[in-house]
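Following: one structure in structure tokens, then a few remarks.
The values are calculated or read from the model by the stated rules, or taken from the named source; none is laboratory data. In this text the structure is predicted, and so the values were computed from the model without any measurement. Heads up, the Cβs are rebuilt from the backbone with ideal geometry, glycines too, and the neighbour counts pull from every protein chain shown. Accessible surface is based on the protein model in full, side chains and every heavy atom, while ligands, DNA and RNA are left aside. Shrake-Rupley method; radii C 1.70, N 1.55, O 1.52, S 1.80 Å.
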Amino acid sequence: VRSMMGTAVEGPDQGQVRFRIEIAPDGKIARVEELWSTSAKASELAWKAIRNFPATPPTPNGKPLIFEPSCR
């Protein structure tokens, strides 16, 4: 997600965002929850990157996959 948010530059609109993302067994994003953010702009860019996230392959065990990436 971080690379899809664009180049990081120092400034007031920078920050960190942490999400909980659930990938369904078919590989599609099932649920996204923003856990916290230090900047409204960073949050906006992270959500935009997640909406444009490419499809992933199905999960190997047929169960949902849940992870919590942190974006800067």
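Worth pointing out:
- Total formal charge among the other residues, if their Cβ is under 12 angstrom from that of Lys63, Lys/Arg +1 and Asp/Glu -1: -2
- Most to least packed among 17-25, 51-59, 33-41 [average Cβ atoms within 10 Å]: 17-25, 33-41, 51-59
- When restricted to Cα atoms, the range 10-72 yields an Rg and a Dmax of 13.0, 43 Å, respectively.
- Remark on Ile23: its backbone amide H falls under 5 Å from those of Ala30, Leu65, Ile66, Phe67, a criterion applied only to residues 5 or more positions apart or on other chains, H modelled at 1.01 Å from N.
- Surface accessible to a 1.4 Å probe, per residue, for the residues of the range 11-72, Å²: 65 Å²
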